[in-house]
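Let me begin by presenting the structure, written as structure tokens, before commenting on it.
Just so it is clear, none of the values below were taken in a lab; they were calculated from the coordinates. Just so it is clear, the structure is predicted and the values come from calculations on it, not from any experiment. In this analysis, Cβ positions are derived from the backbone assuming ideal geometry, glycine residues included, and neighbour counts consider all displayed protein chains.
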Amino acid sequence: MGRSFVHLHVHTLYSLLDSAIRIKPLVKRVAELGMSAVAMTDHGNMFGTVDFYKACKGAGIKPIIGTELNLIDEPLERVASANRFHLTALARNQVGYRNLMKLSSFSYLDGCHQNTPYVDLDLIHTHREGLVVLSGDLGGEIPRALLKGEREVAERIAASYRDALEERHFYLELIDNGFPEQKLVNTALIELGKRLQLPLVATNDCHYLDRKEAAAHAILLCIQLQKTVELEQATSTGIDGFYLKSPDEMWETFAEVPEACSNTLAIAEMVDFELQLGQVYLPQYKVPKEFVSEHKVTDPQESIHLYFEVLAKKGLEARLKQLTALGIPLDEQEYRDRLDVEIQIIRQMDFPGYFLIVWDFINWSKEQGIPVGPGRGSGAGSLVAYSLSITDINPIQYGLLFERFLNPERVSMPDFDVDFCMNRRGEVIDYVTQKYGQRNVGQIVTYGSLKARACIRDVGRTLNLSYADTDRIAKMVPDQLGITLADALKQEPKLRALIAEEAKVGQIYDIALQLEGLYRQTGIHAAGVVISEGPLWDYVPIARGANDELITQYAKGEVEEAGLVKFDFLGLKTLTVINEAVRLVNATRAAKGQPPFELLTIPMDDAEVFNLLCQARTTGVFQLESSGFRELLAKLKPDCFEDIIAAVALYRPGPLGSGMVDDFVKRKHGEAVVIYPHPVTESILSETYGVIVYQEQVMQIAQVLAGYSLGGADIMRRAMGKKKPAEMAKQRSIFVEGSKSKGIDPDKAGEIFDLIEFFAGYGFNKSHSAAYALISYQTAYLKAHYPVEFTAATLTCDRENTDKVVRTISDARSSGIKVLPPDVNESQLDFSVSHGKIRFGLGAVKGVGAGAIESIIEVRKDGPFGGMFDFCERVDLRKVNRRVIEALVKCGAFDSAWSTKVENIRQSTTVRAQTYEVIPTAIDRGQKARADRDAGQTSLFDMFAAASGPSLDPDAPENYPSVQPWNDKVLLQLERETLGFYVTGHPLDRYASELSLYASDTSASITQLSHGAEVALAGIVAAIRERPVKSGGRMAFITLEDKMGQLEAVCFTRVFGEYEEIIKSGEPLLFRGRVSIEGEEAARTHRIRTEEVVMLTEVRAEKVGHVLVEVRCDHSEKGDLDLLAGLLRAHPGDCKTYLRLLFSAAGRATLRLPEEFRIAPTDEFITEANRLFGDDSVKLGLRTG
């Protein structure tokens, strides 16, 4: 039998971008090498503790929990100036584990500097019990002193460590990875050990499992440091000793000090520790003292249970009154009976405290006016939750099952996911933090990993491969959710061929394969919050988030296994939209003297809502606005709320790909026969036309056909989801026997079981679908009945997302809703509603701060501004300075301050040019007026003005000089400069009637195209980001904007070099190329890989063969046709010209004009013709032949 050894210094993938060791392969390799134990010692953290512990236990390996501490030689408060070192710490028992958690936690809380956590020796001394500490690698304080030749210093440091720790639990750590410095240090450490009688221990500071992984590890370090390296350099360093060596290798390396190896076994033998998993440490809810006194309850648990029951029953009675007032038919006794059953189950499981904690923060949120969602997940199936107003969807009315949420036959913690207004979610977390204690509330860590495509990009960039070549390789990885590089190689023959043809590509792939899946950074869980009875670090190690918040070092699953209860606080933008829309609606209603609008009382069978859905006019409607969902709605034509619930459940890859959706639609419209698996299932499946759509339906079928309890049926449903053969055989037998006892033929029962097993794979949680369908219905109701307010609210909530704002404005205009630029007399901070139109807020104007906006809004309470001069005389010019005023003019905020109404872009070009011209004069006059007021000089006119409100001094009128109007292009550029958007018009407007002749797609429709599809898209270049390439030249990333939104176009070196001048022209362009799909899940984006860029004017000249000018005879004046003739002659070209005369009696005549009137359809011609005869008077037609 070989010699034994235990590795006590091992870094795993939780040493982010520093180690290439994954947990399961580590444990497998340890077992293969015949080692009985292994330690995990990641850099400054305990992230992987639970993962590591479970993997070791599952393989019969003793897990040793540790960490590599970052130690400083000064007190923590002087961390910025201290020297920093490494120290290896291991937990030998439960006390040591708790102390290790505290050290790791306090290093983040009190010693974090530049994102690295530190401890000092005093902290280690305070929490020394149960620890074994090793002196560390070459980064340790003792090795550094020895390398400097400071042996006495090293001896003093070693003695201080020994004295700070428990007796005989400090070891001098010997490491030999092949560095000459290590041999020198090891020799000195051996001598030091003899002098101080300190034991030695051998480790290998492992960072990868196998010697051959050294090159991949070197590249991983380069990725971390953002350095580049040539592959030959990475493979020829000669340093490849940081791998998991065998016991024999370790004994051979330290043959002169065999006790260093045997001590690893002694330390492992010391370790006596079981990680307590599966416990639940729920914080104690504090019942009001008045309630306890009134009900004379002495037992704390009983007081929680009783308080919960009283609140639930009181809440149900309030709900019954609401339902009755709304005219909803109900059997009150049915509700009370079900509530009693749920209360009994919740009390038996001892979960009333959990319900009260959730009820408390939701109740507080509603009292503070913070929008809360109607529910999500299976919790919406609980009548207790509905009674406590934790949820707002009636589970009895919509057939939702409590057992899908809490199964009395399978006890597990309930899990309420709660949606809050995205802007105020933080307030709820703050409330919980203050209520339960700052040390007792935290958020949850997440880990971002190197995924397939991203990993290839990282490796390619590190190895100096050009962006274009790296992009070419990465794009060969199929665009599939969760795909691995191994899968990509199997699926994509082009990738296999490229690897075979190009050696460097094969090398990049091999390295990426070794690094794929390793963690690269931490983040914070989008929703998870944990609450503990005592300080979090008594239960799990903690860290600090980017905003100084407490976060657990264990991820979601592990933190729950460690016993903490997770509460999900989600920020849902739609709730913010709804809240803002209702506020705007009620402001409008209040102005008309109407009662306030109540969203919770809207009818659920509103004809206008279903008309909107059937027409698929769902931009902005929660969940229903994607092009794919709009297609489903157009086919489905929902006419009841239950159809919306079903649509939300069905619009997923599984049902869409299985044919379920098409079958559902055909059955609804009578195009396919509605068939039920058995007559008794009709009552369960009638609302979904015989199709099993929901998990709850699977449970109910098992109940009525086979006699399952709903709890047992939930266990069956879960088994179907996991597809374990043994469990499925067991459930099939139970189902068939149960059906047989109800008189159903066993063969038929088996067929039905197979059928529901098939559908169970696609079934969706109805509780979640119903709760989210309610939000969909509410947003659809607002869009149908209050479209202006709803759109304004949507714009306010999306104001930071240019792409979404552009699309929402486009949708609004297509619906006949006018979107107006900011206005000094009407705009609020955000988007608002004015006379049935949407008005941009002053907060949207770049360079206009909160102080300036407050001043403007406050001053205009005394009356509207009469123009630029009046404005400058009244506002505080110290807050509203010249830069602010210029921005307001550029975006059109002074258009309404003119005596004549500005109705179109041509009038705006004049008004804004004249207003801009007088800014200096108006500011001078305003400053003089303020100086006079401050000096106490008041004219007779001022006295009259004070009595009658704002007016203008007749000696200082609003005089504006005649100036050259801005052209349309300048006006729109200035709008975009100040707002980030085009509002008065769009540069593509002048091509509106012809774009479909040239462009195949828009920024919205391109998302429906597949990777590599050909595309031609017209737009304006909104931004250019250039990048030099190593081969010379530059490539560019272009932000291209059309009237539907924005997307990115990539121009590689050749294309950018050829078309750079056109791209930077500022003119409307046509980009031709192919669709490139990148990223995964939420980060998935569609780009254009550009092949050609052409000016739209050139495309028009090439494509257009004839021009038609429409003239409305009843709107034309004498001489207009002469002007047209002159205009035609001024723009000679080769396009045929037609004249269409429109008469008032609906008659028309179309004339082909003589050859002398052939023209070139330039922008100037079209603009002037439209000025003469009205917008859209000019029609263009393609060349033929």
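At-a-glance table
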quantity	calculated
Within segment 750-805, GluC sites (Glu not before Pro) in DSSP loop having at most 10 other beta-carbon neighbours inside 10 Å	Glu800
Global form of segment 281-348, assessed from the alpha-carbon gyration tensor, a/c cut-off 1.5	prolate
Likely footprinting exposure, Cys891, Cys421, fewest C-beta neighbours within 10 Å first	Cys421, Cys891
Translational diffusion coefficient (Stokes-Einstein; Kirkwood radius from C-alpha pairs) of segment 962-1067 at 25 °C, 0.890 mPa s, in µm²/s	159 µm²/s
Ratio of the Cα radius of gyration of the chain to 2.2 N^0.38 Å, where N counts its residues	1.12
log10 of Debye I(q)/I(0), alpha-carbon scatterers only, for segment 1102-1182 at 0.24 Å⁻¹	-1.23
Fraction of the pair-distance distribution of segment 590-780 above 24 Å, Cα-Cα pairs, percent	45 percent
Greater than 18 Å apart at Cα, pairs in Lys54/Lys245; Lys635/Lys668; Lys102/Lys556	Lys54/Lys245; Lys102/Lys556
Distance cut-off 16 Å, percentage of C-alpha pairs in segment 136-254 lying past it	65 percent
Once the Cα gyration tensor of segment 810-933 is diagonalised, semi-axes √(5λ) in Å	25, 16, 12
Candidates per trypsin sites (Lys or Arg not before Pro) in segment 982-1039, loop by DSSP, up to 12 other Cβ within 10 Å	Lys1030
In segment 453-536, GluC sites (Glu not before Pro) in a DSSP loop with at most 16 other beta-carbon atoms within 10 Å	Glu502, Glu533
Hull shadow area, averaged, segment 185-293 [alpha-carbon convex hull, nm²]	15.2 nm²
Antiparallel bridge percentage (DSSP; both residues within the chain; nearest 5)	65 percent
Fewest-first ranking of Lys879, Lys901, using other Cβ atoms within 10 Å as the exposure measure	Lys901, Lys879
Rg/Rg_globular for segment 438-521, with Rg_globular taken as 2.2 N^0.38 Å and Rg from C-alpha atoms	1.31
Amide N proximity, segment 477-513 versus Ser1010 label position 7 Å along Cα-to-Cβ, cut-off under 12 Å	479
Relative contact order [Cα under 8 Å, 6+ residues apart], segment 989-1099, whole percent	27 percent
Percentage relative contact order, the chain, counting C-alpha pairs under 8 Å, at least six apart	7 percent
Sorted by Cβ density within 10 Å, fewest first, the residues Glu994, Glu737, Glu1061, Glu826	Glu1061, Glu737, Glu826, Glu994
Approximate spin-label separation Ala1149-Glu1164, in nm, with each point projected 7 Å along Cα-to-Cβ	3.2 nm
Antiparallel bridges, percent of DSSP beta bridges restricted to segment 1058-1152 (to nearest 5)	70 percent
Estimated 222 nm signal from helices in the chain, with DSSP H stretches of n ≥ 4 weighted -39500 (n - 2.57), rounded to 500	-14000 deg cm²/dmol
Computed lengthening from Glu886 to Asp924, 0.36 nm per intervening residue step minus Cα-Cα distance	12.2 nm
At R0 = 25 Å, FRET efficiency that the Cβ-Cβ distance of Glu1067 and Ser814 yields, to 0.05	0.50
Segment 590-780, relative contact order in percent, only Cα pairs under 8 angstrom and at least six apart counted	25 percent
Histogram of C-alpha separations across segment 1-152, 10 Å bin width, %	11, 39, 33, 14, 2, 0
